[in-house]
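The next block holds one structure in the form of structure tokens; read it before the comments.
The values are calculated or read from the model by the stated rules, or taken from the named source; none is laboratory data. Note that the structure is a prediction, hence the values are computed from the model and not measured. For neighbour counting, all protein chains shown are included, and Cβ atoms are generated from backbone atoms with ideal geometry for every residue, glycine included.
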Amino acid sequence: MQAAPKIRPALTGANWRGIWTLYSKEVRRYLKIFGQTLLAPIITTLLFLTVFGVAFGGNRTVGGLPYVEFLAPGLLMMTILQNAFANTSVSLIQSKLNLNIIDTLMPPLSPMELTVGFVLGGATRGLMVAIGVGVSLAFIIPIQIHSVGAIVFYAVGAALMMGSMGMMTGIWAEKFDHVSTVTNFVILPLSFLSGTFFPITRFPEILQTVSHFNPFFYLIDGLRFGFTGQSDGSIEIGVGLVIIVNAVLWAICYAMFKIGYKIKE
């Protein structure tokens with residue numbers, strides 16, 4: 001009678017070298033053009049701070065905070081969102097258009113391992129840019145830290161969320177125009193209408209209601225709470241929503257790789 005095969009625990013049986021290789025490839029890809037992928041977003045964020053600081057700053061306060069101190073966490077989160085999304089989406093669509101996506105699919109990596117490698121690569125870029133922006137902002141405005149835990153949780157949660165969303169977009173997209181469509185009609189509107197530049201209490205009542213269903217609002221609000229101790233929404237709901245949305249997005253990415261959606265055709 002043949003003995004039943006032994007089942008190894010998932011963590012023990014993971015191809016950690018393969019995950020690290022894929023992750024390293026993604027990181028090195030954007031480090032080679034750091035002027036475009038890391039330096040440019042920092043300059044763009046400082047320009048946003050300058051323009052909005054001059055236009056709406058001065059002696060104006062928001063919730064007792066100087067406007068620039070209210071604005072800084074929002075800009076920091078917007079930087080994480082855009083760069084984590086851009087990394088995974090551009091990497092995958094570029095591989096598909098160059099017909100070298102097969103080089104990623106042939107190695108002995110499971111769908112989950114592929115998901116982990118790509119998402120962590122995108123998340124790392126988002127966090128690296130955020131650190132650069134944060135250091136730059138510290139030379140211009142006083143940076144306060146109310147809760148290190150909240151800052152780390154929402155920054156990492158946002159980076160993983162947008163890395164996953166970028167991965168889904170990259171797998172689905174057939175050309176760069178499709179990626180730009182998601183960026184222009186989904187990412188940017190959700191970012192701008194989530195309290196980045198001013199409190200959502202200044203929105204019409206219907207937009208305030210809609211904003212409470214926008215996960216970007218909770219990401220920005222949570223990060224702002226981590227720096228200033230002030231928030232417009234529920235921190236508890238934000239924590240739960242970030243965990244749930246990330247779990248759902250990771251499951252979708254896994255399923256797309258599992259069935260080979262638009263990458264094994």
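Assessment of the range 94-117 against the conditions (small (Gly, Ala, Ser), closer than 27 Å to residue 240 by Cα and touching a helix residue (DSSP H, G or I) at 6+ places or on another chain (Cβ under 7 Å)) yields at least one matching residue. Among the conditions (1) modelled with pLDDT of 95 or more; (2) in contact with a Gly (Cβ under 6 Å, 6 or more places away or on another chain); (3) over 19 Å from residue 116 (Cβ atoms), the only one that residue 196 does not satisfy is (1). Annotation: of all residues in the range 126-155 being of a type outside the set (Val, Ile, Thr) and not in a helix (DSSP H, G or I), the one that is surrounded by the fewest Cβ atoms within 10 Å (Cβ to Cβ) is 139. In a residue-by-residue description of the range 21-38, the property of being among the polar types (S, T, N, Q) and either under 16 Å from the mean Cα position of the chain (by Cα) or under 18 Å from residue 135 (Cβ atoms) (or both) applies to at least one position. Filtered by the rule that a residue be of a type outside the set (D, E, K, R) and either touching a Pro at 6+ places or on another chain (Cβ under 6 Å) or farther than 15 Å from residue 129 by Cβ (or both), the range 39-62 gives 50, 51, 52, 53, 54, 55, 56, 57, 58, 59, 61, 62.
Scanning the range 179-199 for residues that are surrounded by 21 or more Cβ atoms within 10 Å (Cβ to Cβ) and either in a helix (DSSP H, G or I) or in contact with a Cys (Cβ under 9 Å, 6 or more places away or on another chain) (or both) returns 179, 187, 191. Within the range 107-135, the set of residues being more than 17 Å from residue 26 (Cβ to Cβ) and modelled with pLDDT under 90 comprises 108 only.
All conditions in (1) surrounded by fewer than 19 Cβ atoms within 10 Å (Cβ to Cβ); (2) in contact with a Lys or Arg (Cβ under 9 Å, 6 or more places away or on another chain); (3) among the hydrophobic types (A, V, I, L, M, F, W, C); (4) under 25 Å from residue 42 (Cβ atoms) hold for residue 77, with the sole exception of (1). No other residue among 63, 13 is at pLDDT below 90, of a type outside the set (A, V, I, L, M) and within 30 Å of residue 232 (Cα to Cα) apart from 63. Among the residues of the range 33-56, is there at least one that is outside any helix (DSSP H, G or I), without any contact (Cβ under 8 Å) to a residue 40 or more places away in the chain and not β-branched (Val, Ile, Thr)? No, every residue in the range 33-56 fails to be outside any helix (DSSP H, G or I), without any contact (Cβ under 8 Å) to a residue 40 or more places away in the chain and not β-branched (Val, Ile, Thr).
Yes/no matrix, rows are residues, columns are (1) touching a residue at least 40 places away in the same chain (Cβ under 8 Å); (2) under 28 Å from residue 114 (Cβ atoms); (3) part of a helix (DSSP H, G or I):
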position	(1), (2), (3)
213	no, no, no
216	yes, yes, yes
219	yes, yes, yes
222	yes, no, yes
226	yes, no, yes
238	yes, no, yes
242	yes, yes, yes
245	yes, yes, yes
251	no, yes, yes
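For the structure I just gave you, tell me whether residue 71 is at pLDDT 85 or above, part of a helix (DSSP H, G or I) and over 30 Å from residue 202 (Cβ atoms). Taking the combined requirement at face value, the residue does not satisfy it. Screening the candidates 172, 250 for the property of being at pLDDT 90 or above and either more than 20 Å from the chain's Cα centre (by Cα) or more than 17 Å from residue 160 (Cα to Cα) (or both) yields one hit, 172. Taking the criterion of being among the hydrophobic types (A, V, I, L, M, F, W, C) and within 11 Å of residue 18 (Cα to Cα), the residues of the range 87-116 that qualify are 109, 114, 116.
Can you confirm whether the range 157-178 contains a residue that is exposed (fewer than 13 other Cβ atoms within 10 Å of the Cβ) and without any contact (Cβ under 8 Å) to a residue 12 or more places away in the chain?
Scanning the range 157-178 turns up at least one residue that is exposed (fewer than 13 other Cβ atoms within 10 Å of the Cβ) and without any contact (Cβ under 8 Å) to a residue 12 or more places away in the chain.
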